[in-house]
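A short write-up of the structure that comes next.
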Amino acid sequence: MEANKVGSRRQTTMKFWVILLISTLVGGIGGFFSQMYERSIYETAMNVRDWSISKATYIMAAVSIIILVSALFYYFRSKRLVQEWDQEDEEMFDKIDKTQGIALMITTIGCILTMIVFGLLMANIVNGQLENDIILNMIGIGVFIAVNIALTFLQRRIVDETKKLRPEKQGDALEVNFRKRWVESCDEQERQKIYKAAYKAFNAGNILYMILFIVLVIGQVVFHLGIAPMLVLGIIWLVQILVYQLEAMKI
Amino acid sequence: MPLKNRLKEHRARMGWNQQELGTLVGASRQTISLIERGDYSPSVTLALKIADRCGVKVEDIFMYEEDGIDGGE
């Protein structure tokens with residue numbers, strides 16, 4: 001038994017060194033080729049950047065329409081299913097639950113996507129374009145504000161529909177402490193599901209930050225990004241790890 | 001963790017639907033449904049509450065079986 005443990009530990013250590021070596025090679029090769037093709041990568045990226053900044057208002061409108069239409073589709077579908085539900089059918093309950101979950105997910109994703117496009121709008125304003133662009137940018141900002149208000153109120157309606165399925169749930173989606181109240185009204189099974197989902201997101205975040213680190217290192221070579229992106233990544237990563245570790249130490 | 005149960009039978013005997021039983025024991029309708037389907041194992045506290053409400057012992061509702069060995073009878 002002891003020999004098996006030692007053997008397994010050696011294997012794990014070997015795997016670690018192999019992964020480290022492969023990562024170093026990939027990073028080295030990636031860095032070499034990005035240096036070699038720096039000019040063309042840079043020009044392509046700048047063209048994409050300039051295009052997306054100049055079309056930011058149109059992108060904002062397109063994203064807003066797609067998000068709103070999708071979210072409303074699933075919201076009204078869940079509303080119809082709740083009306084048809086006989087309060088007993090479990091399969092129907094699961095179907096409604098899933099539909100409401102999708103609607104809520106779309107509204108959350110929508111807020112984040114519009115936030116990203118808002119960044120493009122700000123870049124356009126900062127670039128100091130001609131008067132026409134300024135008017136277009138203002139329209140874009142107006143759409144951003146309007147769609148986020150609409151999504152917030154839609155989230156409230158979806159939560160209200162959820163409460164028809166789960167009358168024990170507490171909280172108004174517009175409340176500042178909504179998440180806290182909602183989780184407090186969850187039973188042990190629902191909290192376990194939330195904690196599992198949070199842990200999965202935590203792990204996915206850690207993988208993503210590592211990938212972003214590599215991208216930013218290469219990006220520094222090609223685009224001379226400066227320290228801000230790496231600093232932001234570091235702060236986000238540190239906060240996530242510290243919050244997790246400190247909370248785990250409490251238990 | 002394998003945890004079979006006869007919750008549906010006891011619930012039907014008491015004449016409750018899942019929502020009513022859930023309200024009595026402080027659990028959601030969905031949790032009761034998941035327990036009955038064997039997709040969720042309740043905590044000791046919840047299992048005791050359920051048994052208490054149904055007027056039976058915990059072992060009358062929940063059975064732990066491992067590798068085909070019946071632990072209850």
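Tabulated results
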read-out: Binned Cα-Cα distances of the protein assembly as shown, short to long, each 20 Å bin given as a whole percent; value: 20, 43, 31, 6, 0
read-out: Relative pair counts by distance (%), Cα atoms of the range A:1-96, 5 Å bins; value: 2, 10, 7, 7, 7, 7, 7, 7, 9, 12, 12, 9, 3, 0
read-out: Top of A:Val232, A:Val117, A:Val48 by mean-square fluctuation, Gaussian network on chain A, Cα under 10 Å; value: A:Val232
read-out: Convex hull projection area averaged over all views, the range A:56-185, Cα basis, nm²; value: 8.5
read-out: Cross-link pairs A:Lys163/B:Lys8; A:Lys95/A:Lys193; A:Lys250/B:Lys4; A:Lys169/A:Lys196; A:Lys164/A:Lys200; A:Lys98/B:Lys57 - those with Cα-Cα distance over 27 Å; value: A:Lys250/B:Lys4; A:Lys164/A:Lys200; A:Lys98/B:Lys57
read-out: Between the range A:69-142 and the range B:1-32, the alpha-carbon center distance in angstrom; value: 36
read-out: For the range A:123-239: rounded, prolate or oblate by the Cα gyration tensor [a/c cutoff 1.5]; value: oblate
read-out: The range A:187-251: radius of gyration and largest Cα-Cα distance (Dmax), Å; value: 15.6, 51
read-out: Backbone HN-Hα couplings from phi across the range A:186-193 [Karplus 6.51/-1.76/1.60, Hz, Gly and Pro as x]; value: 7, 8, 4, 5, 5, 5, 4, 5
read-out: Amide H partners (placed H, <5 Å) of B:Asn5, local residues excluded; value: B:Met63
read-out: Base-10 log of normalised Debye intensity for the range B:3-64 (one unit scatterer per alpha-carbon) at q = 0.12, 0.25 Å⁻¹; value: -0.21, -1.08
read-out: Difference of contour (0.36 nm per residue) and Cα-Cα distance, A:Thr24 to A:Glu247; value: 76.9 nm
read-out: Rounded accessible area per residue of the range A:142-233, 1.4 Å, Å²; value: 61
read-out: Helix-only CD estimate at 222 nm, as mean residue ellipticity for chain B, using -39500 (n - 2.57) per DSSP H run (n ≥ 4); value: -14500 deg cm²/dmol
read-out: Electrostatic dipole magnitude of the range A:187-251 [Cβ: Lys, Arg +1; Asp, Glu -1; Cα centre; debye, to 20]; value: 80
read-out: Virtual spin-label span in nm between A:Gln220 and A:Ala201, 7 Å along Cα→Cβ; value: 3.0
read-out: From phi via Karplus (6.51, -1.76, 1.60), per-residue ³J(HN,Hα) for the range A:199-210 in Hz, x at Gly/Pro; value: 5, 4, 5, 4, 5, 4, x, 4, 5, 4, 5, 5
read-out: Magnitude of the charge dipole, the range B:3-64, Cβ model with Lys/Arg +1 and Asp/Glu -1, debye to 20; value: 80
read-out: Cβ-placed point charges (K, R +1; D, E -1), dipole of the protein assembly as shown about Cα centre in debye, nearest 20; value: 540
read-out: Length released on extending from A:Ala3 to A:Val232, taking residue separation times 0.36 nm less the Cα-Cα span; value: 77.9 nm
read-out: Label-point separation in nm, A:Leu208 to A:Arg156, each point 7 Å along Cα→Cβ; value: 2.8
read-out: Selected from A:Ala204, A:Ala228, A:Val6, residue furthest toward positive end of dipole (chain A; charges at beta carbon); value: A:Val6
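The values are calculated or read from the model by the stated rules, or taken from the named source; none is laboratory data. Note that the coordinates shown come from a computational prediction; the quantities given were computed from them, not determined experimentally. Cβ atoms come from the backbone with ideal geometry, glycine included; neighbour counts cover every protein chain shown. These area figures cover heavy atoms from the full protein model, side chains too; ligands, DNA and RNA do not enter into them. Shrake-Rupley method; radii C 1.70, N 1.55, O 1.52, S 1.80 Å.
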